[in-house]
Amino acid sequence: MTTVKSKIADKVPSVTSAVEATKDHFAKAAETQFKAADEVAAFGKSNVEAFIQAGTIFFHGFEELARTFVGLTTTQVESSMATAKALIGAKNLTEFTDLQNAYTKSTFDTAVSEATHLSELAIKITNDAIEPISARVTATMEHISKPAFPTL
C-alpha cells in the first residue's frame, strides 16, 4: 500500500503542474478572446462614428449647396426683373433687341459660371463626406491583414 501511496505522491506534483499549466493556458486564451471582443466592439463603434461623421459632412455640404442655389435663384430673379423693366421702357425695337440680347448673353454666361461653381462644390462635398469612410476602409484593410489570434 505504501508503494501505491508513494507512486501517487510522486505523481501529485506533475499533475499539479499540469493543472497549473492548463489554467495558465486557459487564462491566456480567455484574455486573448476578451481582448479580441473588445477590439471588435471598438472597431464597430469607429465604423458607426465614421458614417455619422460622413453624414454630417454631407448634410452640411448640402445646406451650403442649397444656400448657393437659393442665392443664384434670387440673383437671377432680380436680374430678370431689372431686364423686364428696361424692356418695358425701351424706346424702339433696336433698343429692345439690344437689351434682350445683352440679357440673354449675361444669363447664359452666369448659368455656365454658376454650373461650374455648383459642380465643383458638389465634388468637394462628396470628397469631404467620403473621407471618413475611406479612412475606415483603410483601417479595416490594415486590421484584416493582421493575424486574428497571435501565438500565445
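The values are calculated or read from the model by the stated rules, or taken from the named source; none is laboratory data. Since the model is a prediction, treat every value here as computed from it, not as a measurement. Note: ideal-geometry Cβ built from the backbone for every residue, glycine included; neighbour counts use all protein chains shown.
Residue by residue, here is whether (1) in a helix (DSSP H, G or I); (2) modelled with pLDDT under 95; (3) more than 49 Å from the chain's Cα centre (by Cα) holds:
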site: L87; (1), (2), (3): yes, yes, yes
site: A90; (1), (2), (3): no, yes, yes
site: T97; (1), (2), (3): yes, no, yes
site: T110; (1), (2), (3): yes, yes, no
site: E114; (1), (2), (3): yes, yes, no
site: H117; (1), (2), (3): yes, yes, no
Problem - Some residue of the stretch 141-149 being assigned to a helix (DSSP H, G or I), under 24 Å from Q33 (Cα atoms) and in contact (Cβ under 8 Å) with a residue 12 or more places away in the chain - result: yes
Fill in the blank from the handout: Within the stretch 88-109, the residues that are among the hydrophobic types (A, V, I, L, M, F, W, C) and loosely packed, with under 11 Cβ neighbours inside 10 Å are I88, L93, F108
Handout entry: Long-range neighbours under 6 Å by Cβ, at least six apart or interchain, first residue free of Cβ contacts under 8 Å to residues at least 12 places away in the same chain within the stretch 94-107, second surrounded by 14 or more Cβ atoms within 10 Å (Cβ to Cβ) and outside any helix (DSSP H, G or I)
Key = F96/A90
Completion exercise
Per the list (1) loosely packed, with under 12 Cβ neighbours inside 10 Å; (2) aliphatic (A, V, I, L, M); (3) under 30 Å from P132 (Cβ atoms), residue check on V112 breaks on (3)
Practice task
Being hydroxyl-bearing (S, T, Y) and at pLDDT 90 or above is the filter; apply it to the stretch 124-140 and report the residue that is nearest to E39 (Cα to Cα).
Solution key: T138
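What residue, of V77, V137, V70, V48, is within 30 Å of A29 (Cβ to Cβ), surrounded by 10 or more Cβ atoms within 10 Å (Cβ to Cβ) and out of contact with any Asp or Glu (no Cβ under 9 Å at 6 or more places or on another chain)? So that I can check it myself, show each step before the final result.
Working: V77 fails: within 30 Å of A29 (Cβ to Cβ); V137 fails: within 30 Å of A29 (Cβ to Cβ); V70 fails: within 30 Å of A29 (Cβ to Cβ).
When all the criteria are applied, what remains is V48.
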Exercise for the section: Could you figure out which of (1) over 35 Å from the mean Cα position of the chain (by Cα); (2) surrounded by 13 or more Cβ atoms within 10 Å (Cβ to Cβ); (3) assigned to a helix (DSSP H, G or I); (4) of a type outside the set (D, E) isn't true of A122? Expected result: (1)
